[in-house]
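A short worksheet on the structure shown next.
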Amino acid sequence: MNLLVIGLGNPILSDDGVGVRIAHEISKKLPEDNPVEVTEVSVGGLTLMESMIGYDRVILVDAIQLDDPHPGLIHRMSLDDLREISPTQHSSSPHDTNLITALEMGKKIGLNLPQEIIIYAIEVVNVLDFGDELTPAVAAAIPEATEAILAELRTTLL
């Protein structure tokens, strides 16, 4: 099975870097001969979809801001869950689209996209201020999120 873990975010925008930090932790804890590719990206929509081509299973790790925030709370989500909280077609650019729409388009044109995409979303507070430090509650969620993803990877690889 072709597995990919993608840490999403911008590591110089405070809590927005949590996905990248978790991807780093996962990389450090996986054995050298593991079949899992771990990467980080600061993109969305079409470019993010393109990075998933050729993988059977993808785990995305990203920050999430909700109306009633609980900083550091970890959500394991499906694409259907994401669809419910991300109803718009376009991202911040009229020349791009959100991940759900990009994946639907990719499947329609026959791209080899993952059969399963799992999202680990960590609730955050600050994604606008420049800085490489996470807020304390978000930083405290890194070990738990890392272990949850590693456990899921172990289950898949058995």
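Rule-based calculations on the coordinates, nothing more; no lab input. Keep in mind the model is a prediction, meaning the values are calculated, not measured. Cβ coordinates were reconstructed from backbone atoms using ideal geometry, including for glycine residues, and neighbour counts include every protein chain displayed.
Annotations
- Mean sequence separation of contacting Cα pairs (under 8 Å, at least six apart), scaled by the length of segment 3-157, corresponds to a relative contact order of 35 percent.
- Protection proxy ranking of 106-116, 123-133, by the mean of other Cβ atoms within 10 Å over each peptide's residues and highest first, is 123-133, 106-116.
- Environment charge at SER78 (Cβ cut-off 12 Å; Lys +1, Arg +1, Asp -1, Glu -1): -2
- The chain: DSSP helices with Cα axial extent of at least 30 Å and average Kyte-Doolittle hydropathy no lower than 0.5: 136-157
- Other residues within the sphere of radius under 13 Å centred on the Cβ of ILE117, judged by their own Cβ, net out at -3 (K and R +1, D and E -1).
- Gap separating the Cα centres of segment 93-141 and segment 1-73, nearest whole Å: 8
- Order by protection proxy (mean Cβ within 10 Å, highest first), peptides 45-53, 72-80, 5-13: 5-13, 45-53, 72-80
- With all projection directions averaged, the alpha carbon convex hull of the chain covers 9.2 nm².
- Candidate cross-link partners of LYS107 among the aspartates and glutamates, defined by an alpha-carbon separation under 15 Å and a same-chain spacing of 8 or more, comprise GLU50, ASP56, GLU116.
- Among beta bridges that DSSP assigns inside the chain, antiparallel share in %, nearest 5: 15
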